[in-house]
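Right, one structure below, let's go through it.
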C-alpha cells in the first residue's frame, strides 16, 4: 500500500513537471509533495499504535483522516497563489485522459475481494465499496483512452460516480467498527481497513483519487465554459437543429 501511495506522489510530481517545464511553480509542487509524504508518515505512525481503531467510537478519526487531506489541498489552492497557479496549469494543460488514467490504479481493489473470500473483510463493506471501486478502475482504462471521444455529460457522471464510491465506502466501513454507525458485531469486521498498512487507503490513496476526480471535473467545466465542442457533437449533422 505504501508503494501505491508513493507512486501517487511521484505521479503528481510528474504531472506538475509536465505542465510547468520551466519550474515556475516548482516550490509549490515540492511543498505539496512533502506535505503528502508527511501525511503518509503520520497516518502510518498512528496506525501502528492502533489509533484509528481505538478512537473510532469517539470521533471517527478515519473519516476525518479521509476528508482532511482533500480539505487541506483545496484550501491551499484557494489561499496560496503559487499553489493556485499550479492547479490552474494542471486544469488547463494536463490532458483529461491523463487525469482519468490515475483511476486505473483502483484495479488493486481486487485485493479486497480476495480478502472477503478468505474471510478477512466483511461482505457488507466489499460488495458496496470494493466491487464498484474495482469497476471504476477497470473502466478508467477505457475512459482514459477515449476521453476525447466521450461526451462531457458521460465524463461528468463517471467522475461523480467515482467519488460516490468512496463516500459509500466510508459509511460501509463504519458498519462493523465500534461507534455510532456500528450494525454488524460478528467477524470479520472492517478493522483491517483502519489498521496498518491498509489504513493508507482511506487516509491517503482514496483522497488522492478524489482530488483527481475533482481535477477532471474542473477540466470538463473549463472546457464547457470555453465553449469547446463536445466530442459527441462531432458526428452530428451541422444542418440539424
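Within the range 24-39, can one find any residue that is assigned to a helix (DSSP H, G or I), buried (at least 20 other Cβ atoms within 10 Å of the Cβ), within 14 Å of the chain's Cα centre (by Cα) and modelled with pLDDT of 95 or more? Checked the range 24-39: at least one residue is assigned to a helix (DSSP H, G or I), buried (at least 20 other Cβ atoms within 10 Å of the Cβ), within 14 Å of the chain's Cα centre (by Cα) and modelled with pLDDT of 95 or more.
Within the range 13-23, the set of residues being assigned to a helix (DSSP H, G or I) and either buried (at least 20 other Cβ atoms within 10 Å of the Cβ) or over 18 Å from the mean Cα position of the chain (by Cα) (or both) comprises 15, 16, 17, 18, 19. Here the range 47-75 is the region considered, the condition is being outside any helix (DSSP H, G or I) and out of contact with any helix residue (DSSP H, G or I) (no Cβ under 8 Å at 6 or more places or on another chain), and the residue that is farthest from residue 167 (Cα to Cα) is 49.
When 104, 43 are checked against the criterion of being touching a residue at least 40 places away in the same chain (Cβ under 8 Å) and more than 16 Å from the chain's Cα centre (by Cα), a single residue qualifies: 43.
From 133, 152, which residue is more than 20 Å from residue 53 (Cβ to Cβ), at pLDDT below 95 and either out of contact with any strand residue (DSSP E or B) (no Cβ under 8 Å at 6 or more places or on another chain) or buried (at least 18 other Cβ atoms within 10 Å of the Cβ) (or both)? Give the steps one after another, and end with the answer.
Numbers: 133 fails: at pLDDT below 95.
Every option except 152 fails the conditions.
From the list 117, 86, which one is modelled with pLDDT of 95 or more and crowded, with 18+ Cβ neighbours inside 10 Å? Steps first, please.
Details: 117 fails: crowded, with 18+ Cβ neighbours inside 10 Å.
Step by step, each of 117, 86 is checked, and only 86 is modelled with pLDDT of 95 or more and crowded, with 18+ Cβ neighbours inside 10 Å.
Only one of the listed residues (143, 126) is buried (at least 16 other Cβ atoms within 10 Å of the Cβ) and without any contact (Cβ under 8 Å) to a residue 24 or more places away in the chain. That residue is 126.
The values are calculated or read from the model by the stated rules, or taken from the named source; none is laboratory data. A quick note: this is a predicted structure, and the numbers were derived from the prediction, not measured. Don't worry about glycine lacking a Cβ; one is built from the backbone with ideal geometry, like all the others, and counts go over all protein chains shown.
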